[in-house]
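Please read the structure below before turning to the comments.
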Amino acid sequence: PTTAVASAAVTVSQYACQRQTTTENNNKIFTDALEVLAEYYEFKEIEGPCLAFRRATSVLKSLPFVVQCLRDLRDLPCLGEHTKAIMEEILEYGRSFEVEQTLSDERYQTLKLFTSVFGVGPKTADKWYRQGLRSFSDVLTEPGIHLNRMQQTGFLHYGDISRAVSKAEARALGSIIDEAVRAITPDAIIALTGGFRRGKEFGHDVDFLVTTPELGRERSLLPDVIDELKKKGFLLYCDYHASTFDMARLPSFSFEAMDHFAKCFLILRLEEGKVEGGLNSSEKDSRGWRAVRVDLVSPPLDRYAYALLGWTGSRRTNEQNKEFLAATTEKDIFAHLGLEYIEPWQRNA
Ligand code: DCP
Ligand code: MG
């Protein structure tokens with residue numbers, strides 16, 4: 001066995017952005033369980049326990065060892081009493097009663113199902129649940145239900161979109177995006193971001209950052225790329241958002257700014273023949289293609305590094321950055337940057 005054992009010398013930062021977390025998770029049995037509870041509270045819109053379970057999960061994912069007893073948790077940050085109780089149950093019985101109860105909870109199951117549809121968030125899912133709807137066929141046959149274009153597309157391509165995207169498929173999509181972007185501007189800068197940039201084997205979508213060296217030129221880039229993809233027959237769905245990035249209003253050092261870059265949420269048609277080793281399909285279907293979710297974001301070049309960092313994620317890794325922005329005192333800001341606080345009078349450099 002090569003897995004490290006818990007060591008008293010291991011110190012784990014409370015901040016995700018100061019921890020090294022690879023895709024290898026030694027504590028999946030615990031994190032899978034805690035993620036169920038986090039999601040349960042998210043659906044209930046109870047933020048405290050949701051955040052607590054997500055933070056605990058994130059800490060456990062960073063550990064280079066398998067947790068084998070409660071003593072292993074002694075010096076770890078972000079693990080509350082509730083989390084420890086769940087973990088103790090799992091250590092003792094191999095499962096948690098509370099998690100199993102949650103998994104069989106009707107509301108949890110229904111919201112999990114509904115939110116698995118592209119375009120359906122917890123609010124819509126909860127509304128449908130309160131209307132007594134429990135299945136897709138309930139939703140699709142209910143007279144008063146209006147589905148927006150995104151949700152219609154979500155149901156239409158449900159099988160494909162809910163199936164994980166493989167690395168080989170991500171590579172094939174990379175070539176398609178590369179070709180489309182270079183047809184518009186040959187000196188474009190294109191980078192793979194999101195989970196695949198972090199080394200994940202599978203993702204729910206493929207994320208790319210595209211821009212041009214010429215400042216301002218990026219404003220028309222995405223609309224042109226979208227036209228090109230359409231012309232070539234790849235485009236199944238497009239939700240384009242123009243830039244709302246306002247230099248005058250946003251602080252220059254800002255991760256929040258990443259939400260303001262021009263972006264589009266796409267569904268593309270990926271042909272089997274373009275994917276090395278074939279499509280990631282569970283059943284052999286004769287179509288020879290699948291639908292895949294692709295996100296493109298297009299920041300101005302001088303914001304490239306922020307956009308790359310932000311869109312590479314993970315959400316947890318970004319969290320501290322968001323907290324940094326939400327800091328209300330100078331002390332918070334120093335602390336979040338890992339710096340010792342210096343008083344205003346000590347800043348006369
Ligand atoms: N992101 C963020 N906050 C959001 C949405 C996204 O910080 N509300 C950032 C972090 C994500 C990255 O963008 O890691 C890409 O978003 P995805 O939803 O595609 O997440 P991943 O690529 O990490 O995971 P997956 O493999 O499921 O696509
Ligand atoms: Mg992604």
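The values are calculated or read from the model by the stated rules, or taken from the named source; none is laboratory data. None of the values given here were measured: they were computed from a predicted structure. FYI the Cβ positions are ideal-geometry reconstructions off the backbone, even for glycines, and counts take in every protein chain you see. The area values use the complete protein model at the heavy-atom level, side chains included, leaving out ligands, DNA and RNA. Shrake-Rupley method; radii C 1.70, N 1.55, O 1.52, S 1.80 Å.
A 1.4 Å probe run over the chain, with the rest of the protein chains in place, finds 54 Å² accessible per residue. Counting only DSSP beta bridges whose two residues both lie in the chain, roughly 80 percent are antiparallel. Using only side-chain charges placed at the Cβ, +1 for Lys and Arg and -1 for Asp and Glu, the dipole size of the chain relative to its Cα centre rounds to 440 debye. Using a Gaussian network model of the chain in which every pair of alpha carbons under 10 angstrom is joined by a spring, one finds that among Arg55, Arg107, Arg293 the greatest mean-square fluctuation is at Arg107. Accessible surface of Thr115, taken over heavy atoms with a 1.4 Å probe and every protein chain present, rounds to 40 Å².
If you roll a 1.4 Å probe over the range 108-148 with all protein chains in place, what percent of the accessible area is carbon or sulfur? Whole-percent figure for carbon plus sulfur exposure: 53. Which Cα, out of Trp289, Met150, Phe30, lies furthest along the positive dipole direction of the chain (beta carbon charges, K/R +1, D/E -1)? Ranked along the dipole, the leading option is Trp289.
Could you give the semi-axes, largest first, of the ellipsoid that matches the chain, computed as the square roots of 5 times the alpha carbon gyration tensor eigenvalues and rounded to whole Å? Intermediate results must be reported in sequence, preceding the final value.
Numbers: eigenvalues 240, 182, 90 Å².
Calculated on Cα positions only, the semi-axes equal 35, 30, 21 Å.
Kirkwood radius, the range 16-102, all distinct C-alpha pairs, inverse of mean reciprocal distance: 13.1 Å.
Expressed as a whole percentage, what fraction of the accessible surface of the range 16-102 belongs to carbon and sulfur atoms when a 1.4 Å probe is rolled over the protein heavy atoms? Each step should come with its number before you reach the end.
Numbers: 2250 of 4710 Å².
It is 48 percent, rounded to a whole number.
Judged by the mean number of other Cβ atoms found within 10 Å, the most tightly packed of the peptides 165-175, 19-29 leads the ranking 165-175, 19-29. About its Cα centre, the range 165-325 has a charge dipole of approximately 220 debye under the convention of +1 per Lys or Arg Cβ and -1 per Asp or Glu Cβ, with nothing else charged. Placing +1 on the Cβ of every Lys and Arg and -1 on the Cβ of every Asp and Glu, with no other charges, gives the range 30-120 a dipole of roughly 260 debye about its Cα centre. Across Ile46, Ile190, Ile86, mean-square fluctuation computed from a Gaussian network of the chain (C-alpha pairs under 10 Å connected) peaks at Ile46. Ranking of His82, His157 by solvent-accessible surface, largest first: His82, His157 (1.4 Å probe, protein heavy atoms only, all chains present). Which entries in the list Lys112/Lys167; Lys230/Lys263; Lys61/Lys263; Lys28/Lys167; Lys231/Lys274; Lys232/Lys274 go over 20 Å, if you measure between the two C-alpha atoms of each? Table pairs above 20 Å Cα-Cα are Lys112/Lys167; Lys61/Lys263; Lys28/Lys167.
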